[in-house]
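This report refers to the structure that appears directly beneath it.
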Amino acid sequence: MYRMSAAPPAWPPQWLRGVLELAVLAVVDRAETYGYRIAADLEEAGFGVVKGGTLYPLLARLEEDGAVSATWRAGESGPGRKWYSTTPAGRARLHDQGTAWRAFTRLTTDLLPDPAPTGGPS
């Protein structure tokens, strides 16, 4: 079983590829936000470091698909930032894919054997 420690676990890349879009939509749906903050929120949630080369193309696809909208804003003490928010289509997608993901993970969890005891008194 994976346990959160000081350093996040190194999740298998194929797991992250399968859920990253859904996770990004969930983060953006919480509140309007920008790329660096999305990456930080994902890392804080335990996904590990999501690099810009992965995150920004994903955000561009979500924007192109109409799931998120983006606006540029001038920075107060630095360069401008692109802020993202979910659209009604993005919220519907998050709901539908979230429901499907929960069902899929339940199936997977039910299929797996219970973890072996790790020792100690029984």
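Please treat every number below as a calculation from the coordinates, not as lab data. These numbers were taken from a predicted model, which means no experiment stands behind them. Glycine also receives a Cβ, built like all others from the backbone with ideal geometry; neighbour counts cover every protein chain displayed.
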Looking at Gly90, Gly78, Gly48, Gly66, which one is within 20 Å of Gly18 (Cβ to Cβ) and out of contact with any strand residue (DSSP E or B) (no Cβ under 8 Å at 6 or more places or on another chain)? Gly48
Please go through the stretch 53-73 and give me each residue that is surrounded by 13 or more Cβ atoms within 10 Å (Cβ to Cβ) and part of a loop (DSSP other than H, G, I, E, B), ordered by number. Ala67
Among residues belonging to the stretch 30-48 that are touching a residue at least 24 places away in the same chain (Cβ under 8 Å) and under 11 Å from the mean Cα position of the chain (by Cα), point out the one that is nearest to Gly78 (Cα to Cα). Ile38
Take the residues in the stretch 74-102 that are among the small types (Gly, Ala, Ser) and more than 25 Å from Arg61 (Cα to Cα), then tell me which one is surrounded by the most Cβ atoms within 10 Å (Cβ to Cβ). Gly78
Can you report the number of residues in the stretch 17-36 which are under 13 Å from Val68 (Cβ atoms) and among the hydroxyl-bearing types (Ser, Thr, Tyr)? 2
Looking at Val19, Val27, can you tell me which residue is touching an Asp or Glu at 6+ places or on another chain (Cβ under 6 Å), aliphatic (A, V, I, L, M) and either touching a residue at least 40 places away in the same chain (Cβ under 8 Å) or in a helix (DSSP H, G or I) (or both)? Val27
